[in-house]
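Asker: Structure incoming, see below.
The values are calculated or read from the model by the stated rules, or taken from the named source; none is laboratory data. This structure is a prediction, so every number in the text was calculated from the model and none was measured. Here the Cβ positions follow ideal geometry from the backbone for every residue, glycine too, while neighbour counts run over all protein chains shown. Just the protein is used for accessible areas: all its heavy atoms, side chains included, with ligands, DNA and RNA removed. Shrake-Rupley method; radii C 1.70, N 1.55, O 1.52, S 1.80 Å.
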Amino acid sequence: MQENYQHYITRSIKILYLKRLIAPVLYLCFLACLWVGLPVFSVLFPSRLENIEDMGKMHGKKDYYVNVSLQKLHFTGYTKTRYNMTTGYFYYCKSDDTGYIVLLNPSTCEQGLPEIERLTVHGKILARDANYDALLESLSKDLRWTKEGIASKVDSYYLSEPDFRYEFGMFLFLLMAGSTLYAVIAVFLNILFIAFPELSPPCQTLGNFGKRRELFARAEEELATLPQLATEDMFITEHFFIEISRYGIAIVPIQEIIWIYKHSTLHKLFWYHFSISYTLNITANKHVYIHCPKNIKSDIDGIIDYLAEANHNILVGFSEENRRKIQAKQGEFFQLEKVVQLLEVVRSKFRRK
């Protein structure tokens, strides 16, 4: 028995946070793929396109979003619509006997100016698509050309200002940056808790009741010596209640516990009730709350009886009277009733106005 529980809490903490390390690592790998695959930086920091003739080269390098200065733009007479709303105006310009199509925002071209002498825009380089083909077909009918003939005179890529969505790019960047930072912090903390279990949250909670390292070492020693009561994932030593389960790890001195009770949960699938599980709820001083879910009734009853015998000041069972006693003892700073009262006061003041 002594060998089984030697450094058992430390080993359990390392295993717990090793398992919790998997999810943020996988999420970081997923985010890395997104950073590489999505042109987030290209939207926020568009490349400079010196010559519009280089649209194909830039598109091949995946520099889809560019900043370019254009001259002598002519309105084609055609617009792009979506949901019966005009989202862009098609313009063309020429360079070295080749035509280049540019789709401008309605505000940029003032709802379709016939000509624009000079303009600097941010846009997205798009390859030939259905909108482009429809434009070429319409232009070929106006000029009495074939679609293939006019296609040979214009570039196969075009620049779209409406598709340059800076706001969405900024939102995506902030979302991915925040997610990456969160995942990196999670990885760092999990590695820290694996390397130094005494810094983990279960041990930090002990700091509410005294010197954290000393209390942790004492709990380890008492559990290694011999627990006075043990279930599958709950232990009672001479001075501590210890939970070690797949849901988490908790250590609390028995003398600091002030309230214990259990509640049941009915598990069902559609209309079929297939099991009942019980949760042990423990309230300790300094607003420490421990929940031990999915246990069997006999185990929880044994724990409650033992704790009540070990500390006669513990309130046993859930009742409104016990809740009010604990509320009075713990204070109301974190109680919902205090927030509700504050909202009622604010609302009454507004009514008077």
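Asker: Consider ARG11 against the criteria (1) within 30 Å of ILE125 (Cα to Cα); (2) under 33 Å from the mean Cα position of the chain (by Cα): it satisfies all of them except one. Which criterion is unmet?
Answerer: (1)
Yes/no matrix, rows are residues, columns are (1) touching a Phe, Trp or Tyr at 6+ places or on another chain (Cβ under 8 Å); (2) open to solvent by less than 60 Å² (accessible area, probe 1.4 Å); (3) of a type in the set (Phe, Trp, Tyr); (4) not in a loop (DSSP other than H, G, I, E, B):
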position	(1), (2), (3), (4)
TYR89	yes, yes, yes, yes
TYR92	yes, no, yes, yes
GLY99	yes, yes, no, yes
VAL102	yes, yes, no, yes
PRO106	yes, yes, no, no
GLY112	yes, yes, no, no
ARG118	no, no, no, yes
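Asker: Among the residues of region 193-213 satisfying the criterion of being out of contact with any Leu (no Cβ under 9 Å at 6 or more places or on another chain) and more than 18 Å from GLY248 (Cα to Cα), which is surrounded by the most Cβ atoms within 10 Å (Cβ to Cβ)?
Answerer: Among those residues, the one meeting the criterion is ASN208.
Asker: What's the total number of residues in region 214-226 that are in contact (Cβ under 8 Å) with a residue 60 or more places away in the chain and surrounded by 16 or more Cβ atoms within 10 Å (Cβ to Cβ)?
Answerer: Summing the residues that are in contact (Cβ under 8 Å) with a residue 60 or more places away in the chain and surrounded by 16 or more Cβ atoms within 10 Å (Cβ to Cβ) in region 214-226 gives 5.
Asker: Further question: Restricting to region 301-324, and then to whatever is in contact (Cβ under 8 Å) with a residue 40 or more places away in the chain and part of a helix (DSSP H, G or I), can you tell me which residue is most open to solvent (accessible area, probe 1.4 Å)?
Answerer: TYR306
A quick yes/no check of all residues on (1) surrounded by fewer than 17 Cβ atoms within 10 Å (Cβ to Cβ); (2) aliphatic (A, V, I, L, M); (3) more than 20 Å from CYS33 (Cα to Cα):
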residue: LEU139; (1), (2), (3): no, yes, yes
residue: SER152; (1), (2), (3): yes, no, yes
residue: ALA177; (1), (2), (3): yes, yes, no
residue: ILE185; (1), (2), (3): yes, yes, no
